[in-house]
Amino acid sequence: MFRRLFLTMLILVIIIAGSGSVLLAEENEIEIAFIRATGEPYYQYGSQAAEIAAKKLGIKMVVYTSNLDSAQELANVQDAIARGCDGILIYAVSLSSERAAVDTASKAKVPIFFQSGYHPDLLPLSAGFMDNSLKEFSKPLGIWMANNLEKGKVAIIEGALGRGDAEAYTEGFKEGLSQNPNLEIVSTISAEWNRQKAYE
């Protein structure tokens, strides 16, 4: 995760420097906003890795949490712009909330870079997207279960729906699991990336 976020931060710094909006001098330290969808451990680890990357790159970073709320996410984007952040790195709450975030940042001429949630319509207005094939990432787990369970009922606990990554994880897992026709998926529910909710 650190390497991926380091490269993302580096790309964002290059975009900011190339835009001419920031002089790379000590008195004009670059500040990037890191907006995470929730405060769950996965996103905490992501922001911790980004903080390490920011330190290595000599830039300042401020962290926001959207609490899976698109209105809070937009408020975070607006606050980052108001405080003068030079760029925004965001794990959006959903694909629909990305539109408001990218429109707001674009109007303010602040580069915004998305972690996950790629949509081709938003690419011209954003600094970019970093995504990977989550379907292929989760498929081996389904294959492992198909090979190691003779038969049975399977429940799937998903992350937060709406951005595309939770859906892709589920799709890949189901595809791998389908190699064993004696395994039946009996329930699919969302725990919204919340471990406690998943246990309940």
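Structure data summary
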read-out	value
Anchor Lys107: aspartates and glutamates whose Cα lies under 15 Å away (excluding residues fewer than 8 positions away in-chain)	Asp79, Asp86, Glu98
Proximal lysines relative to Lys55, as straight alpha-carbon distance under 21 Å, when same-chain residues fewer than 8 apart are discounted	none
Gap separating the Cα centres of region 84-143 and region 51-68, nearest whole Å	16
Residues of type lysines that Lys174 reaches as a straight line, Cα spacing below 21 Å, ignoring anything fewer than 8 places off in the same chain	Lys135, Lys139, Lys151, Lys153
Positive-end residue, region 114-193 charge dipole about Cα centroid, Cβ charges, pick of Leu122, Ser178, Gly159	Ser178
Region 132-200 shape via C-alpha gyration tensor axes, a/c threshold 1.5	oblate
Charged-residue dipole, Cβ positions (Lys, Arg, Asp, Glu), region 134-199 about Cα centre, Debye nearest 20	160
Region 22-121: GluC sites (Glu not before Pro) in DSSP coil with no more than 12 other Cβ atoms inside 10 Å	Glu29
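Only the coordinates and a few stated rules stand behind these numbers; no lab work does. In this text, all values refer to a predicted model and were calculated from it rather than measured experimentally. Every residue, glycine among them, receives a Cβ derived from its backbone with ideal geometry; neighbour counts consider all protein chains shown.
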